[in-house]
């Protein structure tokens, strides 16, 4: 308690140490341990064992280094200075009796000062304590001890803002270095980083770590991104990768998933070396090793899959094939025996044999495009296909509709028609398979059923048949439950085969009697559907990259809800489907029909998403809808149902849930706090105001443009000059910029509406429906049990 000039000010020292100065004290630095790099992988030398056997392929030359050297030294985390025993030199302020009370200013021997509130002679309440060397604390004091919330500022400009307990950083807080572009936001315990936190090592945030900490050390699970772009996700121990984790070397096109020990690959794992491929090819090439690692080297038992289709399965010693093993060549033959220093131990000239093990055959012939030509058999004669293995398709189901004597010629002619448009088809396939999806790690894209539906709608296939009917026509050997699966994949040959089948079923009645029939149907389909309309994306789902990436977050759960409301189709193969009527009933059950989203508006949405046939008057609610139509209809309903008032109300509720401390530091830490695990909150008040400004500015600029009458008077300029002058006009450039900004703001508005609709209305309503169903089942079960008891009692009474 402070009573006079000679009284002492005492503080609880959590560390139970002696006096500590206010100067900077170094703890363990943010990156004190330099993480180890993987050992380089020497070349796997191979020679031809004989003229009859091809050379065993080489493995990739080297593995990349895990770390790049630090750009600059990392500063230490400052320790908090301690309020040691000090002697009061002077006091100015209010007093009650012999006690300091209210606001005051006190100077201590040695140059320390305090300005703030006092109570019962002690520092109590808000105040500022400044040490002689310039370190300052601003915040709350409880009985001479910094507590709750406060701000430390060191002499070099370093700052800490956050929770305080007994004068130490404890709880959530933010530390920013004053001499280096390093900052940390997360949990603290007794002055050290402890718990979950995010640390950034540069202003651009190209180098950061987000995850668990234990006493200033990365330990637990976390994500580390390096300045080169390489990323590690997995377990840590003492600042090193330790346990299970996945490392991606984006600069070297390599990836490792498996066990780590002290920062090095150690244990079982999978290492992949990706190779370059053609831009529009769907086939990726890579070398892959699956097996044991010891201190960063392939050592033990493992399997190496080569990019050319060959494979080695056996023992390894220091990155070389050494011991017993089997090497399967890409032609299907294999050598089995002893390997010494990466080479076969004996000349394998007379040891060549065909592979009999089905497992080895499956592994050695993995997904690489072969160069052999496939064959089709007619009348017990083998004919060579004109298409390669990645384009060949099965037409057996269509040939049943054609005379036997014409089938061979029909197949040849339709193959020639496909080859004529091969480049266009590949471009279309690549365009839709990569439609607003994140690039894959090896640059390969494979078309999904969801993207294929979008292609069919863009090309107006749905004007002749519904998507559900087309799925049944293209079923093939799919299981009943997978006929309408949006996550099903289509290889390029399946894509082409589907187009040939659809062309026949849509146009064969128009071309009856014209030979070759399949070729004419295919060419008509290309000229009427694909060539004029392909790659012109329609619909709301793929309207913008930002909106699409956000909407994909809800696909999985909506697919689950879609399946829950599907019912068996009355026609073969009796697969579960959903009708427009059931969609309308679902909205009614979820109580989502409102003044804005009326039943008539929903019917208009059915027409907008193409879930109805144009030749039918009105809306046929018995039509089936696939998941693409279901999901796009939900997105359109979200834009109608959610109003600006609902968004503002939700934002107000979210703001109330946040504590005042989080609100204070949200703007400073939003750029660094866990951007990988959460989506940014959109401020709708700003969005709506910007939209209004965009519309007003665009209307003003359009009114300032040259009118037709004015352009007629100016006959001195040629038309090309006029066009060039208009293109370079500042007003036109500004109009384009405003339109782009307006488009971005519109997508931001859509994102907020969709998020509000799904998270606060649609998903909670579905969960409530599930709870009601469970209760109904329980009640029915109880009613059945009661009925049984009553029946038993009645029988006993009769007896």
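Quick notes on this one:
- Estimated inter-spin distance, residue 96 and residue 528, nm [label 7 Å along Cα→Cβ]: 9.4
- Extending 7 Å from the Cα toward the beta-carbon at both residue 770 and residue 564 defines two label points whose distance is 0.6 nm.
- Cα-based shape type of segment 184-314, given that a ≥ b ≥ c are square roots of the gyration tensor eigenvalues and the cut on a/c is 1.5: oblate
- Virtual spin-label span in nm between residue 238 and residue 142, 7 Å along Cα→Cβ: 3.7
- At R0 = 51 Å, FRET efficiency that the Cβ-Cβ distance of residue 743 and residue 491 yields, to 0.05: 0.90
- Approximate shape of segment 509-638 as ellipsoid semi-axes (Cα gyration tensor, √5λ), whole Å, largest first: 31, 20, 16
- Protection proxy ranking, peptides 184-194, 128-138, average beta carbon neighbours within 10 Å, highest first: 184-194, 128-138
- Computing FRET efficiency as 1/(1 + (r/R0)^6) for residue 581 and residue 482, where r is the C-beta to C-beta distance and R0 is 30 Å, gives about 0.80.
- Residue order, fewest to most beta carbons within 10 Å, for 398, 463: 463, 398
- Net length available on complete extension from residue 120 to residue 555 is 150.4 nm, with 0.36 nm assigned per residue and the Cα-Cα distance removed.
- Full extension of the chain segment joining residue 473 with residue 416 gains 18.2 nm, where the gain is 0.36 nm per residue of separation less the Cα-Cα distance.
- Each peptide among 152-158, 571-577 gets the average number of other Cβ atoms lying within 10 Å of its residues, and from highest to lowest they stand as 152-158, 571-577.
- Computed packing ranks the peptides 772-783, 286-297, 107-118 as 286-297, 107-118, 772-783, most packed first, by mean other Cβ atoms within 10 Å.
Quick note: the coordinates plus some simple rules give every number you see, no bench work behind them. Note that the structure is a prediction, hence the values are computed from the model and not measured. In this analysis, Cβ positions are derived from the backbone assuming ideal geometry, glycine residues included, and neighbour counts consider all displayed protein chains.
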